[in-house]
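Asks: Take a look at this one; I'll ask things after.
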Amino acid sequence: MPNRCTARSNCVVPAEEHWLLDWSPPELASLTIRGKLEWDRGIDDLQLTAGYVLVEGKGILEIGTESQPMSNLATINLTDAQASPHPTLGSRFLAGQDKAQILMHGRPLGTWTLLARDVAQGESEIELKEDPRALSWRIGDVIGIATTNRGRT
């Protein structure tokens, strides 16, 4: 993504241009994509912060593809960046209109597994039936553990 998108600006990816987001730009008032904005899959923890992100016309926002999914952390923050509201969509949104495409493909992720043994309340370690790496879980992921004894503790 070129450095011409400065803090609190209304940044536009022109039609027929292909930008690679390979750094976290400063907070933008808005980002309008008429060409293509491709998220760099090789960089972890990239962040895009704007009042709104609009993909319009034949624009494309691509974060990973089906054959090459995004495996790194990618964050879009929508803020009160003092952008002038869009006439029909408002002031905080990620949207596509006309023939625009918003393509997001993340790493395949196992969404659940079973515990390998019972866990008592207050324990700080669990043992899973499956290897967390096989589920594509990473350090820092948030999990939830539900009771299986129908409310009896």
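Asks: Restricting attention to the stretch 72-153, which chymotrypsin sites (Phe, Trp or Tyr not before Pro) occupy a DSSP loop and are surrounded by at most 12 other Cβ atoms within 10 Å? Could the numbers behind the result be given before it?
Replies: On the way: sites: PHE93, TRP112, TRP137; in loops: TRP112, TRP137.
Those that pass, being in a loop and sparsely packed, are TRP112.
Asks: In whole Hz, with x marking every Gly and Pro, tabulate ³J(HN,Hα) for the stretch 104-111 from phi via Karplus 6.51 cos²θ - 1.76 cosθ + 1.60, θ = phi - 60°.
Replies: Once θ is set to phi - 60°, the couplings for the stretch 104-111 become 10, 10, x, 5, x, 9, x, 9 Hz.
Asks: Now for a different question. Quick one: length gained pulling HIS18 to LYS129 fully straight, 0.36 nm per residue minus the C-alpha distance?
Replies: On the way: separation 111, 0.36 × 111 = 39.96 nm, distance 4.46 nm.
Extra length available between HIS18 and LYS129 comes to 35.5 nm.
Asks: If the only charges are +1 at each Lys and Arg Cβ and -1 at each Asp and Glu Cβ, what is the size of the charge dipole of the chain around the Cα centre, to the nearest 20 debye? Intermediate results must be reported in sequence, preceding the final value.
Replies: On the way: 15 positive and 20 negative charges, 76 e Å.
Here the size comes out at about 360 debye.
Asks: For the pair LYS58 and ARG107, what calculated FRET efficiency results from E = 1/(1 + (r/R0)^6), where r is the Cβ-Cβ distance and R0 = 22 Å, to the nearest 0.05? Could you put the intermediate results ahead of the total?
Replies: On the way: r = 28 Å, r/R0 = 1.27.
With R0 = 22 Å, the Cβ-Cβ based efficiency is 0.20.
Asks: Turning to a different aspect of this structure: Quick one: putting +1 on the C-beta of Lys and Arg, -1 on the C-beta of Asp and Glu, what dipole do you get for the stretch 109-148 around its Cα centre, in Debye to the nearest 20?
Replies: Computed charge dipole of the stretch 109-148: roughly 140 debye.
Asks: Taking the Cα centre of the stretch 34-118 as origin and charging only Cβ (+1 Lys, Arg; -1 Asp, Glu), how large is the dipole, in debye to the nearest 20? Spell out each step's value before the answer.
Replies: Details: 8 positive and 10 negative charges, 37 e Å.
The dipole magnitude comes to about 180 debye.
Asks: So if R0 is 30 Å, what FRET efficiency would ARG117 and ASP45 give, r being the distance between their Cβ atoms, rounded to the nearest 0.05? Before the final figure, lay out the partial values.
Replies: Details: r = 34 Å, r/R0 = 1.15.
So the FRET efficiency works out to roughly 0.30.
Asks: Still on this structure, please answer the following. Using r as the Cβ-Cβ distance of ALA146 and LEU73, and R0 as 22 Å, what FRET efficiency do you calculate, to the nearest 0.05? If you can, show how the numbers build up before the last one.
Replies: Values: r = 26 Å, r/R0 = 1.18.
Efficiency for this residue pair is about 0.25.
Asks: Which label belongs to the value computed from this structure, given these candidates for mean projected area of the Cα convex hull in nm²: (1) 14.4; (2) 12.4; (3) 8.5?
Replies: This structure yields the entry labelled (2).
Asks: Which loop trypsin sites (Lys or Arg not before Pro) in the stretch 1-76, with loop taken from DSSP, have no more than 11 other Cβ atoms within 10 angstrom of their Cβ? Spell out each step's value before the answer.
Replies: Values: sites: ARG4, ARG8, ARG34, LYS36, ARG41, LYS58; in loops: ARG4, ARG8, ARG34, ARG41, LYS58.
Those satisfying the criteria are ARG4.
Asks: Just going by the charge dipole of the stretch 109-148, with Lys and Arg at +1 and Asp and Glu at -1 on Cβ, which of ALA116, THR147, ALA134 is farthest out on the positive end?
Replies: The Cα lying farthest towards the positive end belongs to ALA134.
Here, each number is a calculation from the coordinates, and none is a lab measurement. Since we're looking at a predicted model, the values are computed, not measured. When we count neighbours, we look across all protein chains shown, and the Cβ atoms used for this are built from the backbone with ideal geometry, even at glycine.
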